[in-house]
Amino acid sequence: MAVLSSLQCDLWVQGLAALGLLVLTKLLWDIFLSPLRAVPGPLLAKSTNLWRAFHTFRGRVDTKHVELHRKYGDAVRIGPNCVSISDPNLIRTIYSTRNPWKKVLRNKSLYCSDFPLRICNPSLLTFSCVIKSDMYRPNDVLIEGHRMSNLFNSQDEDWHNQNIRPIRGLWSMTKVLEYEPLIDETITKFVEKVAMKFVDGDSAGTVCPADEWIGFFAWDVTANFSFGRHYGFIDQEKDVDNLITDSTDGLLYFAPVSQIPWIDNLLDKNPIKRIGPKPTLTGVLYAFKVVAEYQAQLSNKTITAGSVDHTLDKYLQLKETYPDMVNDHQIVNWLMLSILAGGDTSSATMRAILYYLAKSPSSSGKLAAELQNASLPTPAPWKLIRDLPYLDAVIREAMRVNPGIAMIFERVVPDEGFTLPDGQYLPAGTKVGINPAVTNKDYGVFGEDADEFNPDRWFQGKNESDEHFEARSRRMKDTVDFVFGGGGRICMGRYLAMLEIKKLIATLYNVFDIQLLDAKHEWTYRNAWFVYQYDMPMIIRRRGVASQ
């Protein structure tokens, strides 16, 4: 027995030594021999994805990326096989419409630096690999042991294009304007509730946790134009059924895990015991319930298809046009575009607008004056506000300084590789991406005050020529619009988001004066793919009512 025990011990020692040698060899390769060895970046980031997972977990990876690019330049290595790009001119290359860089590169012979190796067959120092940007995969929902992908995280471009084609035409500006009555309904409910709780009568002077209430509005308005009913956040003044909490917890999980996505197989997708939050599960189950209830109403003749202008009804009508494609699972997949992003991204932008306007009294005053001069009813109608220049400038500037999505949109360098403008070559299979939070702070595009909130940058300078302003304005708009993504994966809901945001902000600042309880107060925010802002205590007064 003693001999056997000694032999087992020796085998363990040899196994650990072999594993240690393997890990050391990989580290030395990634740092000194990798094709990306000349790309600058933190030493630890070159050897392990733990570096970027750690900084993502801390919730301020956007500021870290800005810091790194200002230190190292346009290309920064943030992982053994991942490069962050900061050049705004490359947005149209990496995320182009015609030949976009994809989330997967198939059947390419190259060095495979991912760990663990995926679908690789060793052949000396070269491997035949399927290189994937798997960062989106942890966003899959697991239902009864089956993974359910969505249009956001699918790596299959053909599947994505086929499944988005039937609904793409429903998201033009002309079509989303059909939702304006539903948005007005939610805005009216919100304004009345805010006035009752924080503005009028005995409630005057009550501190409003604006971060929380903006979230209530954003989620309720998303439900109203998606399903024709509110979740109930505004009415009940709370997070109904923990929908917001569960969604946030899912993103707090997804963001760091997406940086080392294979870990998800050991955590949420573990077939034995699931560990951690369940990304998107609550929203998916809610969507299935709503679809079933709505179809029951159609069957019972309590409602008629086409009699309402919400998204669910439009999608159900597609069953007649695409009978082989459209079923309940497909409809839920489409609805997830609203459920996943609608409430979180628009609320992030609206919170940023309220916060930065409260920090900039002159900007708040200019916006209020523009709205008062427009003689707006309540709620503010799109036809009267769509071309208001200062309203547009305020919204764009808030999206720029604090974008609702502030992580890298990963793609894979195509077969032919790519040479950066500075001459640095990125081989095929390299994971690359651009963070909107980085390009939005680019000094070359936005000037030396790019870190500051300044809506006036969106207007022509006193001595600026028309030609220069037009070119500068177009470049700024193109850069900030990247918050919605680019190419074929651009957010279809961007027009609806702008409709919702412009209408609410115009209504609020036409009716109310909104200020921080303490002008020096600083909010907190956490970047978990979507940006979540907290601690925004506001005092709200009727416009024209003097403060005491």
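Where a number appears in this text, it was derived from the coordinates with a stated rule and is not lab data. Predicted, not measured: the structure shown is a model, and the values here were computed from it. Neighbour counts run over all protein chains shown; Cβ positions are idealised from the backbone, glycine included.
Computed about its Cα centre, the charge dipole of segment 436-548 is approximately 540 debye, with only Lys, Arg, Asp and Glu carrying charge at their Cβ. The order of the peptides 376-384, 518-526, 328-336 by mean Cβ neighbours within 10 Å, most packed first, is 328-336, 376-384, 518-526.
About its Cα centre, the dipole of segment 369-438 is roughly 240 debye, where the only charges are +1 on Lys and Arg Cβ and -1 on Asp and Glu Cβ.
Between the C-alpha center of segment 366-401 and that of segment 471-548 there is a gap of 12 Å. If R0 equals 25 Å, the separation of the Cβ atoms of residue 296 and residue 320 corresponds to a calculated FRET efficiency of about 0.85. Taking label positions 7 Å along the Cα-Cβ direction at both residue 465 and residue 524, the computed distance is 5.1 nm, reported to one decimal.
As a rough footprinting exposure proxy, the listed residues 320, 212 were ranked by other beta carbons within 10 Å of their own, and the order from fewest upward is 320, 212. Toward the positive end of the charge dipole of segment 182-329, about the Cα centre and with charges on Cβ (Lys, Arg +1; Asp, Glu -1), which of 258, 247, 271 goes farthest? Toward the positive end, the furthest listed residue is 271. In this Cβ point-charge picture (+1 for Lys and Arg, -1 for Asp and Glu), segment 173-289 has a dipole of about 640 debye about its Cα centre. Residue ranges 78-89, 41-52 sort as 78-89, 41-52 when ordered by packing (mean number of other C-beta atoms within 10 Å per residue, highest first). When segment 56-103 is described by a simple charge dipole with +1 on each Lys and Arg Cβ and -1 on each Asp and Glu Cβ, the residue from 68, 91, 79 located farthest towards its positive end is 79. Packing here is the average count of other Cβ atoms within 10 Å per residue, and on that basis the peptides 183-190, 385-392, highest first, run 183-190, 385-392. Relative contact order of segment 45-84, taken over Cα pairs closer than 8 Å and 6 or more residues apart, is 52 percent. At a Förster distance of 22 Å, what's the computed FRET efficiency of residue 235 paired with residue 386, Cβ-Cβ distance as r, to 0.05? Given R0 = 22 Å and the Cβ-Cβ separation, E is 0.15. Note on residue 451/residue 202: beta-carbon distance plugged into 1/(1 + (r/R0)^6) with R0 of 35 Å gives a FRET efficiency of 0.25.
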